[in-house]
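The values are calculated or read from the model by the stated rules, or taken from the named source; none is laboratory data. Predicted model, so just to flag it, every value in this text is computed and none were measured. Cβ: placed from backbone, ideal geometry, glycine included. Neighbour counts: every protein chain shown.
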Amino acid sequence: MRHLAGVLVLALATSGANAGETNRTGRLFDELAAMDRELFDAAFVECDQAKFRSLFTEDAEFYHDLDGAKTGDAVRTLNGCPRDRGVRRILVEGSLEVYPIKDFGAVQTGTHLFATVGEEEAGIAKFVHLWKYSDGQWRLARVLSFDHHAVKNRD
């Protein structure tokens, strides 16, 4: 019975995916891995307000375990340039996963580090991104950022 439950969970998790795709491989994974890079390059590397803003839905929501909730323009607006403070965002290798949401888009989960040059500790956190696919474009609709804590800086 336990094996049957595991098979059912696996079938549900991968339903809607093309043959040979998993939550860590395939076209959908590749597209959203690229969107992850685009989002964090706009925010942390290029500090491009217009690009960053364009990656969100109008009704975007952001929930952060330490900072609370934000909606709309408060989500889509960069507050400064982390790069100028020596902060880098580093996606933890192998942590990114993507799951399709029928007739909407996909959920993306992962873990990332926020390291500051010269500091002994970095911040680490988990994230959940709900991406909406509409008119041939991916837009970030909901963000959950949680389990923030310090770890040794690898830089």
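Among the conditions (1) within 21 Å of Phe146 (Cβ to Cβ); (2) more than 13 Å from the chain's Cα centre (by Cα); (3) surrounded by 12 or more Cβ atoms within 10 Å (Cβ to Cβ); (4) touching a residue at least 60 places away in the same chain (Cβ under 8 Å), the only one that Pro82 does not satisfy is (4).
For the range 134-152, the set of residues classified as touching a Gly at 6+ places or on another chain (Cβ under 9 Å), more than 17 Å from Lys51 (Cα to Cα) and not β-branched (Val, Ile, Thr) consists of Ser134, His148, His149, Ala150, listed by residue number.
To keep it simple, each residue is scored yes or no on (1) surrounded by 13 or more Cβ atoms within 10 Å (Cβ to Cβ); (2) touching a Leu at 6+ places or on another chain (Cβ under 7 Å).
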| site | (1), (2) |
| --- | --- |
| Ile90 | yes, yes |
| Leu96 | yes, no |
| Ile101 | yes, no |
| Phe104 | yes, no |
| Val107 | yes, yes |
| Glu120 | no, no |
| Ala125 | yes, no |
| Leu140 | yes, yes |
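Screening the candidates Val98, Val143 for the property of being at pLDDT 95 or above, part of a strand (DSSP E or B) and either touching a His at 6+ places or on another chain (Cβ under 7 Å) or of a type in the set (Lys, Arg) (or both) yields one hit, Val143. When Arg89 is tested against the conditions (1) within 16 Å of the chain's Cα centre (by Cα); (2) among the basic types (Lys, Arg); (3) over 20 Å from Arg37 (Cα atoms), the lone failure is (3).
Note on the range 92-126: among residues that are farther than 29 Å from Leu28 by Cα and β-branched (Val, Ile, Thr), the one that is farthest from the chain's Cα centre (by Cα) is Val117. Of all the residues in the range 126-155, those that are under 22 Å from Ala74 (Cα atoms) and touching a residue at least 40 places away in the same chain (Cβ under 8 Å) number 14. Taking the criterion of being surrounded by 12 or more Cβ atoms within 10 Å (Cβ to Cβ), not in a strand (DSSP E or B) and not β-branched (Val, Ile, Thr), the residues of the range 56-79 that qualify are Asp65, Gly72, Ala74, Arg76, Leu78. Taking residues in the range 97-121 that are more than 12 Å from Ala150 (Cα to Cα), and partners anywhere that are of a type in the set (S, T, N, Q) and crowded, with 16+ Cβ neighbours inside 10 Å, the pairs with Cβ atoms closer than 6 Å and at least 6 places apart or on different chains are Glu97/Asn23; Val98/Asn23; Val98/Gln108; Tyr99/Asn23. Count of the range 92-127 residues, restricted to those that are touching a Lys or Arg at 6+ places or on another chain (Cβ under 8 Å) and aliphatic (A, V, I, L, M), is 6.
Return yes or no: is Glu38 of a type in the set (Asp, Glu), touching a Lys or Arg at 6+ places or on another chain (Cβ under 7 Å) and at pLDDT 95 or above?
Details: of a type in the set (Asp, Glu): yes; touching a Lys or Arg at 6+ places or on another chain (Cβ under 7 Å): no; at pLDDT 95 or above: yes.
Taking the combined requirement at face value, the residue does not satisfy it.
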